[in-house]
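Let me begin by presenting the structure, written as structure tokens, before commenting on it.
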Amino acid sequence: MEEKKDIKKILNSFPKRLDLNKLRISKLLKKLGNPHENLPPVIHVAGTNGKGSTIAFIKAGLESRGDKVHVFTSPHLIEITERILIAGDKIKKKYFNLLIEKCIVANNGNDLSFFELLTAVAFLAFAQNKADWTILEVGLGGRLDSTNVINNPVMSIITPISMDHQEFLGTNIEKIALEKCGIIKNNSNLIISKQHKSALNIIKKISEKSNCKTSIYETDFKAKKINNSFIFYSKRKKIILPLPLLAGSHQIENAAVSIEALIKLKCRKKNLIDALMKVNWPGRLQKIIAGTFSSKDFGTNGELFIDGGHNVAASVSLSKWMKNLDDCELYLIIGMMNNKDLEGFLKPIKPFINKLFAIGIPFQENSYDPNEIVRKSKILGINSQVGENLENILKLLISEKKNKSKKILITGSLYLVGYFLEKNG
């Protein structure tokens, strides 16, 4: 691969989606010397919502005691190298390109998806560099995901399961849960987040058959917010902790799962507190305080937020946050991929929206037409209009004089959130 070649063009030659199986990645990894068999102890995380936040909490807690942590997550917001952290630091571009070249040469023109290629790169990087832990986020599903070539994780976590990617995983919660449960290994440690009853029943049955040591939210541990702190309860102890730095009441549940994991990994209370207070996970109810556009631009008590939520469960979490906002006017700027449930996303939050602006997601051919977003929004009774582009909508909202404070939320897609962050400087 010549240095002058554009890495983005090279990566774009690999399809975003192929049929789900582990054959392609297994063949490639074998040619590369099976690097996935030489990783630091693995924590494997599957689920529909909360995976990234849970991983971020665990990473912060482990790093608090001086541990080095490899992390593989998806998608990225601005740069693709965000997906691969080597001992806590983003992989260097030159090293990333070198590993991409090695994987492409080894693959020898065989079918391979974009995510499978990146998984192979991550495994190579992690095997070649020292760390105390490896945290892997499942890309899609679990059973047939390319990260699921790992045979003996030290811990598996299943975050809340909801409807998403039905075209690959199934058309009901039970089928999707079965796919997510594919990461469960015999005699392993398993932590289960708060779940729909039907999903929890399936997870429990499979974990019992696999002879897992399980910790289940609301059965073995739970959390309760009290004023400006929350209490973590388990069968063994009760710990008073500060509220997590990440916004939204749902983050207390994500934090509780992470605290349970960190306790099992022998972390002390100081590490648990650091996990909550030093966590960093951009694009999830993130308040924008600097850049071309920031909260201060929107008047007294004005605030600008971004959130990459794009399914019904994410919308329910957003609705809880919106319900607790001070008296204000809430403006939604939304762009969404056209394989998502737009109506399902809008229904939980529609009572709180003063006005919705619909836009297409730049550089994403499969994003919803803004006119279609407006049509469906108006059917739901939401005051809506098509926006020319993100910058013009924000300028319009800055110029409008209102008696109430303004809250602006950019949401519907991590691609849209990433585009904003890149342009906002």
Problem set entry | Nearby lysines by direct alpha-carbon distance to Lys269 (threshold 16 angstrom, same-chain neighbours under 8 apart not counted) | Lys59, Lys237, Lys238, Lys278
Exercise. Using the Karplus equation 6.51 cos²θ - 1.76 cosθ + 1.60 (θ = phi - 60°), what ³J(HN,Hα) coupling, rounded to whole Hz, does each residue of the stretch 173-184 give in order, writing x for Gly and Pro?
Worked result: 4, 4, 5, 5, 4, 4, 5, 4, 5, x, 7, 6
Exercise. How much length is gained on full extension from Lys224 to Ile273, taking 0.36 nm per residue of separation minus their Cα-Cα distance?
Worked result: 16.1 nm
Seminar exercise, completed: Extension length gain for Thr292 and Ile379 (0.36 nm per residue less Cα distance), in nm, is 27.9 nm
Seminar exercise, completed: Cβ density ranking, 10 Å radius, fewest first, applied to Asp220, Asp67 yields Asp220, Asp67
Exercise. Hey, got the dipole for the stretch 1-139? About the Cα centre, +1 on K and R Cβ, -1 on D and E Cβ, debye to the nearest 20?
Worked result: 220 debye
For this session: Would you mind telling me the antiparallel percentage of the DSSP bridges in the chain, rounded to 5?
Result: 30 percent
For this session: Read phi for every residue in the stretch 346-355 and hand back ³J(HN,Hα) as whole Hz from Karplus 6.51 cos²θ - 1.76 cosθ + 1.60, θ = phi - 60°, with x for Gly and Pro.
Result: 7, 4, x, 9, 4, x, 9, 8, 7, 7
Seminar exercise, completed: Along the dipole axis of the chain (charges at Cβ: +1 for Lys and Arg, -1 for Asp and Glu; origin at the Cα centre), the most positive-end residue among Gly309, Asn227, Ile135 is Asn227
For this session: For the stretch 152-296, would you read off the P(r) tail past 28 Å as a percentage of all alpha carbon pairs?
Result: 28 percent
Problem set entry | Size-normalised alpha-carbon gyration radius of the stretch 25-86, reference 2.2 N^0.38 Å | 1.28
Exercise. Which of the GluC sites (Glu not before Pro) across the stretch 364-412 are loop residues per DSSP, with 15 or fewer other Cβ within 10 Å?
Worked result: Glu365, Glu388, Glu400
Exercise. For the stretch 278-425, what class follows from the C-alpha gyration tensor (a ≥ b ≥ c being the square roots of its eigenvalues): rounded when a/c is under 1.5, otherwise prolate if a/b is larger than b/c, else oblate?
Worked result: rounded
Exercise. Which residue, chosen from Asn107, Ser146, Phe126, occupies the Cα position most advanced towards the positive end of the dipole of the chain, where the dipole is computed from +1 (Lys, Arg) and -1 (Asp, Glu) charges on Cβ about the Cα centre?
Worked result: Phe126
For this session: Over the alpha-carbon set of the stretch 305-392, work out the extent along each principal axis and list the three values in angstrom, largest first.
Result: 36, 27, 25
Seminar exercise, completed: Most packed first (mean Cβ within 10 Å per residue), the peptides 345-358, 410-423, 46-59, 76-89 order as 46-59, 410-423, 345-358, 76-89
Exercise. If the cut-off is a Cα-Cα distance under 15 Å, which aspartates and glutamates reach Lys404, setting aside same-chain residues fewer than 8 apart in sequence?
Worked result: Asp297, Glu303, Asp326, Asp327, Glu329
Seminar exercise, completed: Note on the stretch 1-142: alpha-carbon gyration tensor, axes a ≥ b ≥ c; rule is a/c under 1.5 for rounded, else prolate if a/b larger than b/c, else oblate; result prolate
Seminar exercise, completed: Once both label points are put 7 Å beyond Cα along the C-beta direction, the Asp132-Val105 separation in nm becomes 3.6 nm
Exercise. What does the charge dipole of the chain about its Cα centre add up to, to the nearest 20 debye, if the Cβ of each Lys and Arg holds +1 and the Cβ of each Asp and Glu holds -1?
Worked result: 1320 debye
Problem set entry | Estimated dipole of the stretch 286-424 in Debye, rounded to 20 [Cβ of Lys and Arg +1, of Asp and Glu -1, Cα centre] | 440 debye
Problem set entry | Simple label model, 7 Å out from Cα along Cβ direction - Glu400 to Lys93, nm | 3.9 nm
Exercise. Roughly how compact is the stretch 218-336, stated as its Cα Rg over 2.2 N^0.38 Å to two decimals?
Worked result: 1.20
Exercise. Ranked highest first by average number of other Cβ atoms within 10 Å, how do 308-315, 221-228 line up?
Worked result: 308-315, 221-228
Problem set entry | Hits among aspartates and glutamates - C-alpha to C-alpha of Lys264 under 18 Å, sequence gap 8 or more where chains match | Glu63, Asp67, Asp132, Glu218, Asp220, Glu253, Asp274
Exercise. Length gain on complete extension for the stretch Ser26 to Ser210, per 0.36 nm per residue less the alpha carbon to alpha carbon distance?
Worked result: 63.9 nm
Exercise. So what is Rg over Rh here for the chain, counting just Cα atoms and using Kirkwood for Rh?
Worked result: 0.96
Exercise. Which of His250, Asn189, Ile7 sits closest to the plus end of the dipole of the stretch 7-277, meaning its Cα is farthest towards the positive end, when Lys and Arg get +1 and Asp and Glu get -1 on the C-beta?
Worked result: Asn189
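Values in this text are rule-based calculations from the coordinates and carry no lab data. Here the structure is a predicted model, which is why all the values come from computation and not from measurement. Neighbour counts are summed over all protein chains in view; Cβ atoms, including those assigned to glycine, are modelled from backbone coordinates with ideal geometry.
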